[in-house]
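Structure first, commentary second.
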Amino acid sequence: MNITNSLQFKKVKYFLEKTINIWSVLLLVLAFYLWNDAFLNKFNAKNLLTNMAPLLVMATGATFMSLIGSVDLSMGAVCSVANVILVELLPVMGWKAYLVAAIFGIFAGLLLGIVQTKTKIPSFIASLGFMRMWESVALLITASPVSIASEIKGLIAWGKTSFGIISLMTIFALIIALIFFLFQRFNKVGRSFGVIGGNERAAWLSGIPVQKYKLVAFMISGFTAALCAGSCWQ
């Protein structure tokens with residue numbers, strides 16, 4: 001009987017450890033609702049879901065950095081440069097400016113990954129330097145405040161379209177998170193990230209191209225950061 005109870009306790013403990021983030025969010029929502037029942041009204045729920053969507057996309061990329069045992073502090077700065085790219089190119093290129101911003105994000109992640117993997121500088125230090133560099137780039141290419149022309153506002157206001165409390169931005173973020181979840185769960189490269197983060201040398205000895213896969217993780221981080229460009233205009 002004691003053995004059975006011990007096994008059940010371990011199962012419950014394991015379940016709680018794996019779902020602690022979900023329970024924490026639910027408890028916070030309950031606490032705010034008890035404090036003010038207007039917290040869960042339709043308008044506030046829609047705002048919360050919409051405003052959290054860019055963070056979900058960026059957190060998706062940050063997850064891959066955690067899996068390989070690294071960190072990318074430059075994601076916010078990459079997002080800033082991508083925002084500037086959009087505001088400068090949308091009047092000229094239309095929706096294709098989003099592609100340019102996404103390509104920039106991939107390039108930024110690749111550049112950081114190359115520096116980190118080739119020089120062996122800790123990712124914390126390398127990404128901190130890149131954060132300052134991209135912040136400077138964003139300021140350099142926008143010498144003065146830029147206003148959004150009325151004819152292109154439709155290209156940046158798409159996220160406001162909603163179905164009840166669910167906006168297109170929220171749907172977009174969930175799709176991105178689902179795609180990368182499936183990639184990490186069922187793709188050989190995605191499954192290898194956890195192995196690299198657990199023991200990089202063991203991963204290399206088992207035949208995993210560690211440096212190559214780490215570059216992929218850095219590019220995903222930069223890509224998801226760039227995808228958040230334009231979110232502040234919604």
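The values are calculated or read from the model by the stated rules, or taken from the named source; none is laboratory data. This one's a predicted model, so the numbers in the text were calculated from it and none came from an experiment. A quick note on method: Cβ atoms are made from the backbone with ideal geometry, for glycine too, and the neighbour counts reach across all protein chains shown. Keep in mind that these areas ignore ligands, DNA and RNA; they rest on the heavy atoms of the full protein, side chains included. Shrake-Rupley method; radii C 1.70, N 1.55, O 1.52, S 1.80 Å.
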Quiz item: Limited to segment 165-195, what total is found for residues that are in contact with a Gly (Cβ under 7 Å, 6 or more places away or on another chain) and at pLDDT 90 or above?
Solution: 2
Quiz item: How many residues, within segment 167-211, are buried (at least 16 other Cβ atoms within 10 Å of the Cβ), under 19 Å from ALA45 (Cα atoms) and in contact (Cβ under 8 Å) with a residue 24 or more places away in the chain?
Solution: 5
Exercise. Evaluate segment 26-44: report whether one residue or more is outside any helix (DSSP H, G or I), of a type outside the set (Gly, Ala, Ser) and either in contact with a helix residue (DSSP H, G or I) (Cβ under 6 Å, 6 or more places away or on another chain) or at positive phi (or both).
Key: no
Exercise. Give me the pairs, please: first residue somewhere in segment 1-28 and within 30 Å of MET52 (Cα to Cα), second residue anywhere and at pLDDT 75 or above and open to solvent by 100 Å² or more (accessible area, probe 1.4 Å), beta-carbon distance under 8 Å, and either six or more positions apart or on two chains.
Key: LEU16/TRP23
Practice problem: Return the residue satisfying two criteria in turn: it lies in segment 5-51 and is hydroxyl-bearing (Ser, Thr, Tyr) and open to solvent by 80 Å² or more (accessible area, probe 1.4 Å), and of such residues it is nearest to PHE163 (Cα to Cα). | Solution: TYR33
Exercise. Tally the residues that are part of a helix (DSSP H, G or I), more than 8 Å from the chain's Cα centre (by Cα) and closer than 11 Å to GLY194 by Cα, restricting the search to segment 49-78.
Key: 4
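With a cut-off of at least 2 residues that are closer than 24 Å to VAL78 by Cα, name the helices (runs of 4 or more DSSP H) lying wholly within segment 166-227. Outline the logic, then answer.
Details: elements: 168-186, 188-198, 200-205, 210-227.
The qualifying helices (runs of 4 or more DSSP H) are 168-186, 188-198, 210-227.
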Practice problem: Check segment 116-129 and report whether any residue there is among the aromatic types (Phe, Trp, Tyr), part of a helix (DSSP H, G or I) and at pLDDT below 90. | Solution: no
Self-check item: Residues located in segment 89-111, provided they are in contact (Cβ under 8 Å) with a residue 60 or more places away in the chain and over 24 Å from LYS212 (Cα atoms)
Solution: LEU90, PRO91, GLY94, TRP95, TYR98
Quiz item: Do we have any residue at all in segment 213-223 that's among the basic types (Lys, Arg), open to solvent by 30 Å² or more (accessible area, probe 1.4 Å) and modelled with pLDDT of 90 or more?
Solution: no
Self-check item: Residue in segment 133-145 that is open to solvent by 50 Å² or more (accessible area, probe 1.4 Å), of a type outside the set (A, V, I, L, M, F, W, C) and at pLDDT below 90 present
Solution: yes
Quiz item: With respect to the numbered conditions (1) of a type outside the set (Lys, Arg); (2) at pLDDT below 80; (3) farther than 30 Å from ALA217 by Cα, which one is the sole condition not fulfilled by ALA45?
Solution: (2)
